[in-house]
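Everything below concerns the one structure shown next.
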Amino acid sequence: EGTWTPVMPYLGMISVTPINSSGSPKTFTATYTSTIGAADLSEVLLLFSSTFNPYATNPSYAGACYLFYMPASNILYLLNDAGSYSVPGYIVPGTAGPTLSNSQCTIGNAGAATMSGNNLSLPVNITFASGFAGKKNVYAYSQDNEGYASYWELMGTWIP
């Protein structure tokens, strides 16, 4: 009959640019990867926070600039202040449309998300709120269509 060797995909981050600097507004590009191919990524997340603990049993997303993108539907969301639900509305990268805001940031369209081989790149314009001051850790996360997920990866820091 033959043999079969299951392949465990590697999911993760390549980069967030710019990083380890400061300023607002700024256009960030987050690049995610999957060894199965970029089209297998079901969701990718990007989070700016000074209090987020990725190792907590139930990490809190409250008080963060936390956005997530669903490649299959080409929709970008922003979580609310509590980090529990998305704020009303969504952005379709690459098309004119609204901005989304919570108390930490406002996100806007910065161009189309692109896939090339194993990589997905998502540009997003972020304007940080004046009250969201001080150094923030920048984390990223991804999940694929089979339910495999990366760990939250610390990509660097940003000072709004």
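The values are calculated or read from the model by the stated rules, or taken from the named source; none is laboratory data. Because the structure is predicted, anything quoted here is derived from the model rather than measured. Glycine also receives a Cβ, built like all others from the backbone with ideal geometry; neighbour counts cover every protein chain displayed. All accessible areas refer to the heavy atoms of the entire protein, side chains included, with ligands and DNA or RNA removed. Shrake-Rupley method; radii C 1.70, N 1.55, O 1.52, S 1.80 Å.
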Accessible surface of T99 - all protein chains present, 1.4 Å probe, nearest 10 Å²: 90 Å²
Residue-normalised accessible area of the chain, expressed per residue, 1.4 Å probe, Å²: 50 Å²
Within the accessible area of the stretch 1-146 (1.4 Å probe), percent carbon and sulfur: 52 percent
Size descriptor, Kirkwood hydrodynamic radius, that averages inverse alpha-carbon separations across the chain, Å: 16.0 Å
Length-normalised contact order for the chain - Cα pairs under 8 Å, 6+ apart - percent: 28 percent
Accessible surface ranking that places the most exposed of E1, E43, E146 first, with a 1.4 angstrom probe: E1, E146, E43
Label-point gap, in nm, between A62 and Y148 - each point 7 angstrom along Cα→Cβ: 3.5 nm
Distant-in-sequence amide H partners of I14 (H built 1.01 Å from N, under 5 Å): T31, Y32, T33
